[in-house]
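Throughout, read-outs are computed from the coordinates displayed, never taken from laboratory work. Bear in mind that the values here come from a model prediction, so they are computed numbers and not experimental data. Here the Cβ is made from the backbone with ideal geometry for all residues, glycine too, and neighbour counts use every protein chain on show.
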């Protein structure tokens with residue numbers, strides 16, 4: 001695209017005074033960089049992804065409140081992780097982390113194991129054990 005055609009649509013980036021660098025062709029036909037405040041299709045996709053993440057966090061919070069899962073799942077969703085990422089951060093197999101989602105198993109975890117999760121989520125063991133709806 002030509003430098004003067006670089007999209008300048010309203011987006012979340014623009015409201016935060018952040019601009020995205022894009023490549024464009026200048027008047028001499030050479031590639032150059034140009035700053036963009038946003039592009040509507042990208043903004044829509046980003047907004048949809050954020051909405052989906054917020055829904056997954058709310059669902060996990062509800063499942064913890066109903067004793068259907070442990071706070072580990074909630075904090076995993078809150079920190080935008082998946083099972084593979086969380087397992088690698090805590091240094092455990094995925095099946096073990098998934099097992100720790102069970103409230104009955106979670107209650108029996110050692111402080112050493114809980115500390116691994118607390119460190120990853122940047123919270124205390126007490127906050128992890130006494131989940132109060134995700135409020136710190």
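Some observations on this one:
- Spin-label pair residue 116-residue 94: with each label point 7 Å from Cα along the Cα-Cβ axis, the two points sit 1.6 nm from one another.
- Note on residue 59 and residue 3: with the Förster distance fixed at 41 Å, the Cβ-Cβ geometry gives a FRET efficiency of about 0.40.
- Remark: relative contact order (the chain) = 17 percent; criterion is Cα-Cα distance under 8 angstrom and separation of 6 or more residues.
- Values of log10 I(q)/I(0) for the range 33-136 across q = 0.13, 0.23 Å⁻¹ run -0.51, -1.24, by the Debye formula with one identical scatterer at each alpha carbon and no solvent.
- For the range 41-83, convex hull volume per residue from C-alpha positions, Å³: 56 Å³
- Once the C-beta distance of residue 108 and residue 52 is scaled by a Förster radius of 30 Å, the resulting FRET efficiency is 0.40 to the nearest 0.05.
- Gain in span if fully extended, residue 27 to residue 67, counting 0.36 nm per residue against the direct Cα distance: 8.1 nm
- Two numbers describe the Cα atoms of the range 16-56: Rg and Dmax, which are 14.7, 48 Å.
- Note on the chain: with a GNM built from Cα contacts shorter than 10 Å, the maximum mean-square fluctuation among 29, 91, 38 falls on 29.
- Angle in degrees between helix 40-65 and the longest Cα principal axis of the chain, rounded to the nearest 10: 10 degrees
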